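Asker: Structure incoming, see below.
The values are calculated or read from the model by the stated rules, or taken from the named source; none is laboratory data. Treat the numbers as computed from the prediction; the structure is a model and nothing was measured. No Cβ is skipped: glycine too gets one built from the backbone with ideal geometry, and neighbour counts run over all protein chains shown.
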Amino acid sequence: MKYWEQMRSQYGFEHGGAVPADADERRELYVLLVNKLAAALGSNTRVIASDKQGYNWCRIVFIEAKDLSVLSVFDVNRRPKLKENLAQLDTAMSRAIEVAHDSDIDSAVTVKVKVDAPTAKAAVNAALRVAREKGVEA
């Protein structure tokens, strides 16, 4: 889970100013995987996505499993309004995170880059205009 540590810290991703384009999708998978493993291992702790304003908006926080029981998987990734970080990590959650780190979950996310042709053309034309103004022949 390549972004796990960044998502766990309020100061991650340069205080939230440098969140990668694929972070939200990875976070959804991390939450799903870690919670499934935690439940299977008998943990009393779960994780949820948190977009809390402030420093890093792309976070994962711990909550007590009993607080999660009223939410669907969809709700967990849609930033529910729950008290965050009140849960203590138990041994089972620590093990779930360890197993998740050893998984290949990040390979499930692919990033597609697309160039917007009109915007690119406008940028090139603007650069050529500036170059001409400065006397540079292109």
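Asker: So which residues in the stretch 91-111 are assigned to a loop (DSSP other than H, G, I, E, B) and at pLDDT below 90, if there are any at all?
Answerer: Across the stretch 91-111, the qualifying residues are D104, V109, T110, V111.
Asker: Continuing with the same structure: Just for the stretch 20-65: of the residues that are within 22 Å of S94 (Cβ to Cβ) and among the acidic types (D, E), which one is surrounded by the fewest Cβ atoms within 10 Å (Cβ to Cβ)?
Answerer: Only one residue fits best here, namely E64.
Asker: Let me ask something else. Taking the condition modelled with pLDDT of 90 or more, over 20 Å from the mean Cα position of the chain (by Cα) and surrounded by fewer than 14 Cβ atoms within 10 Å (Cβ to Cβ), does K114 pass?
Answerer: no
Asker: Further question: Counting just the residues of the stretch 1-38 that are assigned to a loop (DSSP other than H, G, I, E, B) and of a type in the set (D, E, K, R), which one comes out nearest to S103 (Cα to Cα)?
Answerer: Restricting to residues being assigned to a loop (DSSP other than H, G, I, E, B) and of a type in the set (D, E, K, R), the top hit is K2.
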